[in-house]
Amino acid sequence: KSLRPAIIAGNWKMNKLSMDTMSFFYDLKPLIKEAKCDVVVCVPFTDIATAAVASKGAKCKLGAQNCHFEPKGAFTGEVSVDMLRDAQVEYVIIGHSERRQYFAETDETVNKKLKAALAGGLIPILCVGESLEQRENGETLALLESQIKKAYEGIDAKDAKKIVVAYEPIWAIGTGKTATADEAEEAIAHIRGVLASLYGDTAQNISILYGGSMNAKNAAELVAKPNIDGGLIGGASLVVDDFVTIINAAS
Ligand code: PEP
């Protein structure tokens, strides 16, 4: 675990206007000066410019929630990796379950987006995780193995270790129902095992986060587990005090 930096990443999803973004970073900045973990805030595209100004000098990095895999061209409504870099974004969430579910993202597009992000110098936060039905059918570990193998297809070890993985059981996202620390640790240890089968010892350097109703109350127990290197936080990342409590739990 000491080989890997702890990371707490917020995912605002489709929330906050520019005024909210300014006040969020104004409040956050002084509270994370001593943070020992890496802090990332993944904002909507329309808040990036405001966040880039408002977070100047703060101990946190900016992330986006999606990108397109093509470098440019006739892709109405899409945003490229270069555009994100140009806007001072350093991280990008790829393959969030909401995008797989509502926006037809597949293991194949996730793989293409990972490659585009890596080639363009963004750090991808790759999301994987099972549905409730898959968990109840005992398919969780096989599904995770398949999602990981397809996501990393054609990616070498040097690039693989730049990717941050987030294990996000779909049934725990936005539901207030968290995986127990033992369930999360089992799934994440399995993901690390799959990465080890692909990349050997490099898997020990890959940060794997838990996501799914992680909050100020349960964060400490989750990040105490040997394979859980931090969290991807949805709802609780919208409120500065809750987000800071989670950051302190991981520091
Ligand atoms: C997420 O969307 O990545 C997430 C984990 O959401 P929440 O924390 O709200 O469950």
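The table below lists the values:
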item: Segment 26-31 - phi-based ³J(HN,Hα) in whole Hz, Karplus 6.51/-1.76/1.60, Gly and Pro as x; result: 4, 6, 5, 3, x, 8
item: Segment 153-177 versus segment 1-38: alpha-carbon centroid distance in Å; result: 19
item: Lys/Arg +1, Asp/Glu -1 at C-beta; the chain dipole; positive extreme among VAL79, THR50, VAL239; result: THR50
item: Debye, to nearest 20: dipole size of the chain, +1 on Lys, Arg Cβ, -1 on Asp, Glu Cβ; result: 720
item: For SER207, net neighbour charge (Lys/Arg +1, Asp/Glu -1) across residues whose Cβ lies under 11 Å away; result: +3
item: Note, ³J(HN,Hα) from phi for segment 69-85, Karplus 6.51, -1.76, 1.60, rounded to Hz, x at Gly and Pro; result: 8, 7, x, 5, x, 7, 9, 3, x, 9, 10, 8, 4, 4, 4, 5, 4
item: Distance violations [Cα-Cα > 29 Å] among LYS1/LYS150; LYS16/LYS161; LYS13/LYS217; LYS29/LYS115; LYS56/LYS149; LYS29/LYS112; result: LYS16/LYS161; LYS29/LYS115; LYS56/LYS149; LYS29/LYS112
item: Nonlocal amide H pairs with ALA166, under 5 Å, H built at 1.01 Å; result: LEU126, CYS127, VAL128, LEU209
item: Cut-off under 5 Å, modelled amide H: who pairs with GLY234 long-range; result: ASN11, GLY212, SER213, MET214
item: Reciprocal mean inverse distance between Cα atoms of segment 37-183 - Kirkwood radius, Å; result: 16.2
item: ³J(HN,Hα) computed for each position of segment 18-23 - Karplus, 6.51 cos²θ - 1.76 cosθ + 1.60, integer Hz, glycine/proline x; result: 5, 4, 5, 5, 4, 5
item: Residue with peak Gaussian network fluctuation, the chain [Cα springs, cutoff 10 Å], from VAL41, VAL92, VAL240; result: VAL240
item: For ILE93, residues with placed amide H under 5 Å, excluding near neighbours; result: ALA64, GLN65, ASN66, ILE125
item: Distance (nanometres) between label positions extended 7 Å along Cα→Cβ at ALA142 and GLU186; result: 1.6
item: Segment 33-109, dipole about Cα centre (Lys/Arg Cβ +1, Asp/Glu Cβ -1), debye to the nearest 20; result: 440
item: Calculated [θ] (222 nm, deg cm²/dmol) that DSSP helices of n ≥ 4 give over the chain, each run adding -39,500 (n - 2.57); result: -12000 deg cm²/dmol
item: Listed residue (LEU144, VAL39, SER213) projecting farthest to the positive dipole end of the chain, Cβ model; result: VAL39
item: Cα gyration tensor shape for segment 14-120, rounded if a/c is under 1.5, else prolate or oblate; result: prolate
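Readers should treat all values here as calculations from the given coordinates under stated rules, not as data from a laboratory. Since we're looking at a predicted model, the values are computed, not measured. All Cβ positions, even for glycine, are placed from backbone atoms using ideal geometry, and neighbour counts span all protein chains on display.
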